[in-house]
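Trainee: The structure's right below; bear with me while I get my questions together.
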Amino acid sequence: MKSKKRPAGRVRPIRALVVCGSLVTLLAGGCGAGGGLVEAAARLRLNDCTPAFPDAEGLGTADRIVLDFTGGFSRLHPDVELPPVAWTAFALADGGTLADAEQDFIEDVRDTIVQILCEAGLYEVQVRVGEAEDFGEVNVVHFTADVPTDRSHQMGLAEYDPCNHYHDNIAIVYGGQIARYGIVGTYGEWVNIFANLAAHEIGHTLGYSHVSRAEAASSTRGSFTELMLDGHTIDELRGEQRILTAQSTCPSASDITEPVLTHESMPDLGR
Ligand SMILES: [Zn+2]
């Protein structure tokens, strides 16, 4: 594996805000704004739901989201190189582990995330698999074998960008924490678990806040579970999720704020 570069670049101010009942702090630090943006961006794959963009390069102003399964450095843990996901940690119901189908699995997770975002009407969103350091101003989801360094039970972490003002927000899916639950799932259930977790974090980076169960109950559609619930059960993660509740978290341009961090609560497992 090639060596990783620590992210460097624009520095955001430090803020401390209470979000979702947790005291969270936006960490200061840089972001990946190095060279190679145009070259890397040109390789971005458009989603099936993405209409033609108006500019000559076909990039438009879409949010570009990179799913980085190799871990790497993130602005949220600038001094730690996150280890890549250990696929052997996830058992399949019919035997074996996700390591037996790693590449197919990654593509299926990506496709499911795309489906979730498309159905939410987020047409100008592009999602691809890659390494964060190869890109410039993109939203990145780091998938790692690590567990949270500061809390014991969260499976995900994201910058909540209420007005989607920034397009280089960071999210992390903690594979090590998921593995701790000892889940045995079908291949399709594992696709949903990883895709739902990542799409939820991506939702925060695009401006979606948490939805209460009471609020979600009035907007349930078919067999889908609301993606932006504040805390899912494992059973809910196994199934299909969608953004079901309309949100307007940025009523006017004057309300644009710095992103803050959201910490995801653990599933309700009675422990
Ligand atoms: Zn959340």
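Trainee: What number of residues within segment 157-207 satisfy the criterion of being more than 16 Å from the ligand (Cβ to nearest atom), of a type outside the set (Asp, Glu) and touching a Cys at 6+ places or on another chain (Cβ under 6 Å)?
Mentor: Qualifying residue count, segment 157-207: 1.
Trainee: Same structure again: Is it the case that segment 227-247 has a residue that's within 15 Å of the ligand (Cβ to nearest atom), under 18 Å from Asp108 (Cα atoms) and either assigned to a helix (DSSP H, G or I) or small (Gly, Ala, Ser) (or both)?
Mentor: Checked segment 227-247: at least one residue is within 15 Å of the ligand (Cβ to nearest atom), under 18 Å from Asp108 (Cα atoms) and either assigned to a helix (DSSP H, G or I) or small (Gly, Ala, Ser) (or both).
Trainee: Hey, another quick one. Quick one: Leu157 ticks every box in (1) touching a strand residue (DSSP E or B) at 6+ places or on another chain (Cβ under 7 Å); (2) under 30 Å from Ser223 (Cβ atoms); (3) surrounded by fewer than 24 Cβ atoms within 10 Å (Cβ to Cβ) except a single one, so which number is it?
Mentor: Going through the list (1) touching a strand residue (DSSP E or B) at 6+ places or on another chain (Cβ under 7 Å); (2) under 30 Å from Ser223 (Cβ atoms); (3) surrounded by fewer than 24 Cβ atoms within 10 Å (Cβ to Cβ), Leu157 breaks only (3).
Trainee: Looking only at residues that are of a type in the set (D, E, K, R) and under 19 Å from Leu206 (Cβ atoms) in segment 137-192, which one is nearest to the chain's Cα centre (by Cα)?
Mentor: Glu159
Trainee: Six or more apart or on different chains, Cβ atoms under 7 Å: show the pairs whose first residue is in segment 213-240 and under 18 Å from Ile202 (Cβ atoms) and whose second is at pLDDT below 85 and among the charged types (D, E, K, R).
Mentor: Cβ pairs passing all conditions: Gly231/Asp268.
Trainee: Taking strands (runs of 3 or more DSSP E) that do not extend beyond segment 134-225, which have at least 2 residues that are among the small types (Gly, Ala, Ser) and in contact with a helix residue (DSSP H, G or I) (Cβ under 8 Å, 6 or more places away or on another chain)?
Mentor: 156-160
Trainee: I need the full set of residues from segment 160-176 which are in contact (Cβ under 8 Å) with a residue 40 or more places away in the chain and closer than 13 Å to Glu264 by Cβ, in order please.
Mentor: Within segment 160-176, Tyr160, Ile172 qualify.
Trainee: Could you grab me the full set of residues in segment 208-226 that are within 24 Å of Cys163 (Cβ to Cβ), away from the ligand (no atom under 11 Å from the Cβ) and either modelled with pLDDT of 90 or more or not charged (D, E, K, R) (or both)?
Mentor: Correct list: Ser212, Ala216, Ser219, Glu226.
The values are calculated or read from the model by the stated rules, or taken from the named source; none is laboratory data. Owing to the predicted nature of the structure, the values given are computational and were not obtained by experimental measurement. Here the Cβ is made from the backbone with ideal geometry for all residues, glycine too, and neighbour counts use every protein chain on show.
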